[in-house]
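Asks: Structure incoming, see below.
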């Protein structure tokens, strides 16, 4: 079974700080990587779909990079706002695992005003 | 609104019982995934169906089974329920392999 790890487990930052977190996944037979934002009492919502080594995606103040050769992805949030408080999940998929998405445990971000 | 519908929203039942959770995927999505989130745990992959066929199983117990019907809705059947089966069960659908997953609101199962 695919093993997807995320660090840190949780993070507290001040409003206006920039922050980043890591997702690690097996690099062999890589298929795709997703990032999701999961607010309390809601369902996860997709942020980015990444498939190519060197991919960089951006949505507003949030961006992500992908390194499939070494098996990691970074998510960056610039100028954090209280509304960015959520759990950020990554999900990885590989060709030898039926292209199914296995989620990491998430990074819980709290942005203090 | 993700377009994925899960019913019921809440389910309370006793140990040893059997329940069925239902998921209607987003229009046009052929893939349906089931995930389990237990207390303080992340999303654990249970099973994936694509256009009616089982594609892969994750950490799904033998007491659990699922199917996807010709109209693409899916059902997750949980039998001989135990206290530890209490969890939030999510269904997600996607269009093609790399497409993002669209999650339903989940079914919260409480086994007493």
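Asks: Given the C-alpha centroids of region B:11-34 and region A:8-48, what is the distance between them in whole angstrom?
Replies: Comparing the Cα centres of region B:11-34 and region A:8-48, I get a distance of 26 Å.
Asks: Could you work out the relative contact order of chain B? I mean the mean sequence separation of Cα pairs under 8 Å and 6+ apart, divided by the number of residues, in percent.
Replies: 38
Asks: For chain A, set up a GNM with springs between Cα atoms under 10 Å and report which of A:20, A:96, A:67 has the largest fluctuation.
Replies: A:96
Asks: Provide the gained length on full extension for the span residue A:110 to residue A:28, in nm with one decimal, where the gain is 0.36 nm per separating residue minus the Cα-Cα distance.
Replies: 26.2 nm
Asks: Stick to the Cα atoms of region A:4-66, pair each with every other, and give me the Kirkwood hydrodynamic radius in Å at one decimal.
Replies: Working: mean 1/r = 0.0744 Å⁻¹.
Taking the inverse mean of 1/r over all distinct Cα pairs, region A:4-66 comes out at 13.4 Å.
Asks: Shape verdict for chain A, please, from the Cα gyration tensor: rounded (a/c under 1.5), prolate (a/b greater than b/c) or oblate.
Replies: Values: a/c = 2.14, a/b = 1.74, b/c = 1.23.
It is prolate, given that a/c is not under 1.5 and a/b is the larger ratio.
Asks: From zero up to wherever the largest Cα-Cα distance of chain B sits, split into 5 Å bins and tell me the percent of pairs in each.
Replies: With 5 Å bins starting at 0, P(r) equals 2, 13, 25, 26, 19, 10, 4, 1.
Asks: Another question, then. How many Å³ per residue does the convex hull of the Cα positions in the protein assembly as shown occupy? Let's see the in-between values first.
Replies: Values: hull volume 26.0 nm³, N = 225.
Measuring per residue, one finds 116 Å³ for the Cα hull of the protein assembly as shown.
Asks: Same structure again: Kindly state, to the nearest 0.05, the FRET efficiency for residue B:20 paired with residue A:42, given R0 = 30 Å and r defined as their beta-carbon distance.
Replies: 0.75
Each reported figure results from applying straightforward, stated rules to the coordinates on display, with no laboratory input. The model shown is predicted, which means the values in this text are computed figures rather than measured ones. For neighbour counting, all protein chains shown are included, and Cβ atoms are generated from backbone atoms with ideal geometry for every residue, glycine included.
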